[in-house]
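Working notes, structure below.
The values are calculated or read from the model by the stated rules, or taken from the named source; none is laboratory data. Every value quoted in this text rests on a predicted model; they were computed, and no experiment measured them. We place every Cβ from the backbone using ideal geometry, glycine too, and count neighbours over all the protein chains shown.
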Amino acid sequence: MPPKSNQGTTDRAYLSHPEWVKGACGCGIVQFEIKYPARWAYHDHSNATRKIMGTASVTYVGSWRKRFRVTGGEEALSDYRDDEKGITRRFCIECGSAVAYERDASPHMINTPRGLFKEGVGREPRYHVRMGEMPDWA
């Protein structure tokens with residue numbers, strides 16, 4: 001059901017938005033969608049994310065796995081598995097874009113870098129994780 005505004009009317013932005021929001025890797029081979037709106041969004045400052053992504057932090061949007069689907073280029077996805085941490089990261093083999101971050105501890109959830117979506121995902125980042133791991137230069 002669409003959210004209601006303060007006046008009790010249906011939120012127009014919600015109604016005018018497509019049911020699925022499209023995303024793609026940097027070269028466009030891997031394409032995917034999440035159901036609108038995203039379930040959560042956050043900024044990740046973890047050491048692991050910094051090393052894998054090469055950035056001070058990454059903004060992720062999350063979705064229930066059943067609300068995420070690869071619509072093209074699945075054969076171009078490669079997995080990096082960290083068994084110690086119970087994490088799988090999926091990358092495009094052509095351009096190297098990180099496409100998905102999955103945790104064994106949350107098997108029904110999937111996280112995708114916010115920058116891979118051109119359109120709004122219906123959720124703004126509300127929190128930061130692993131702030132204690134953020135380096136001084138960030």
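Quick one: count up the residues across the stretch 18-37 that are in a loop (DSSP other than H, G, I, E, B), among the aliphatic types (A, V, I, L, M) and closer than 21 Å to residue 87 by Cα. Before you say what the answer is, go through the steps one by one.
So the first thing to find is which residues in the stretch 18-37 are in a loop (DSSP other than H, G, I, E, B), and the list is 18-19, 25-30, 36-37.
When the remaining residues are screened for being among the aliphatic types (A, V, I, L, M), the result is 29-30.
Next, from what is left, pick out any that are closer than 21 Å to residue 87 by Cα: 30.
Of the residues in the stretch 18-37, 1 are in a loop (DSSP other than H, G, I, E, B), among the aliphatic types (A, V, I, L, M) and closer than 21 Å to residue 87 by Cα.
Which residue out of 115, 72 is closer than 22 Å to residue 20 by Cβ and under 11 Å from the mean Cα position of the chain (by Cα)? I'd like the intermediate steps shown before the answer.
Working: 72 fails: under 11 Å from the mean Cα position of the chain (by Cα).
Result of the check over 115, 72: 115.
How many residues are over 15 Å from residue 72 (Cβ atoms) and either at pLDDT below 95 or out of contact with any helix residue (DSSP H, G or I) (no Cβ under 7 Å at 6 or more places or on another chain) (or both) when one looks only at the stretch 88-111?
Looking only at that region, the number is 11.
Step by step: first the residues of the stretch 45-75, then only those that are without any contact (Cβ under 8 Å) to a residue 60 or more places away in the chain and of a type in the set (D, E, K, R), then the one that is farthest from residue 123 (Cα to Cα). Which residue is that?
Restricting to residues being without any contact (Cβ under 8 Å) to a residue 60 or more places away in the chain and of a type in the set (D, E, K, R), the top hit is 75.
So, residue 122, is that one in a loop (DSSP other than H, G, I, E, B) and surrounded by fewer than 18 Cβ atoms within 10 Å (Cβ to Cβ) or not?
On the way: in a loop (DSSP other than H, G, I, E, B): yes; surrounded by fewer than 18 Cβ atoms within 10 Å (Cβ to Cβ): no.
So residue 122 does not fit the description; no.
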